[in-house]
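The values are calculated or read from the model by the stated rules, or taken from the named source; none is laboratory data. All figures in this text were calculated on a predicted structure; none of them were measured in a lab. Quick reminder, even Gly has a Cβ in these numbers, built from the backbone with ideal geometry, and neighbours come from all protein chains shown.
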């Protein structure tokens, strides 16, 4: 019985995660999946009340007792330094060694893409962002802070092990999914040490996959190419910083960040899924947050559990909602968060009933 930890978090997190949980309950009732879901009160509210973001015991339980974590959002203006969000989210990423940040970006309805072009509808991009090293490793320092002579240094940390495992994860994914092109994105012309390591590892790993087409692009050229040829790229593997930027660009191309899911993975060990839109405190409580990113996370979770057929059913149902205009205001619709989630849940239940029993 898969056990899932639900962390609603802050802002719109509880709203969107509530709709993702609705989908999980439908799946539990209409398939033999038999999920066990536990809600965890990790949030700014608890941090402000107790001064505790997450304990070592809670880390241990999340690591040892659950197959996956589904997170709504973290971030609250009452905690301006976001200490609790850093301790919880980055703590989970680093302590569970979730070295893959996977961001699928696919245009489901071309009308929602700012490209407004038929070829925009062909974008089906899979970004593999290294998730535990790079510029976000937290190494560096400040000298003479607060003076006009201040020096701030942020170290970009790249190890052979870290680069090798994310590159191999991207190649394995491309092979399993039958995707024929994989692109390395770096800035090797300016960042020669880090770029040289990434390119050597990429070339070495590619030798084991002779049937895959490979290419390397500088990150600035890639940003332009995603606009110019959104249908050209299939699998992209890149560093923490570049992946962070490019995946948000790609999310905008697919129709908006409210549609975008992400998976933080250590393949074969741990998984954390979260929509990428953040806590959006300015609209929290208004019932207008787009739950589709969180619901897409359920699809990624199903893939993680080996339930690919159920995952494709869910993605098709989300696409039905987009086609029929059952969307929140960010996509030009008039539905609220609960209305979108309930519509998708009801349609999914009907589709699964018509399709027959699911193992």
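See the values below:
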| item | result |
| --- | --- |
| Scan of segment 167-188 for residues that are surrounded by 23 or more Cβ atoms within 10 Å (Cβ to Cβ) and either without any contact (Cβ under 8 Å) to a residue 12 or more places away in the chain or under 14 Å from residue 130 (Cα atoms) (or both), ordered by number | 167, 170, 184, 185, 186 |
| Among (1) crowded, with 24+ Cβ neighbours inside 10 Å; (2) within 30 Å of residue 338 (Cβ to Cβ) - the single one residue 239 does not satisfy | (2) |
| Hey, residue 175 out of contact with any helix residue (DSSP H, G or I) (no Cβ under 9 Å at 6 or more places or on another chain) and either not assigned by TED's automatic domain parsing to the domain that holds residue 137 or not in a helix (DSSP H, G or I) (or both) or not | no |
| Matching residues in segment 145-172 - criterion: being touching a helix residue (DSSP H, G or I) at 6+ places or on another chain (Cβ under 9 Å) and in a strand (DSSP E or B) | 154, 157 |
| Strands (runs of 3 or more DSSP E) fully within segment 30-141 counting 3 or more residues that are buried (at least 20 other Cβ atoms within 10 Å of the Cβ) | 68-73, 100-106, 124-130 |
| Subset of segment 194-228 (residues that are without any contact (Cβ under 8 Å) to a residue 24 or more places away in the chain and farther than 19 Å from residue 165 by Cβ) | 210, 221, 224, 225, 228 |
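Every residue, every condition in (1) assigned by TED's automatic domain parsing to the domain that holds residue 127; (2) in a helix (DSSP H, G or I); (3) over 27 Å from residue 67 (Cβ atoms), yes or no:
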residue	(1), (2), (3)
302	no, yes, no
306	no, no, no
314	no, yes, no
335	no, no, yes
343	no, yes, yes
351	no, yes, no
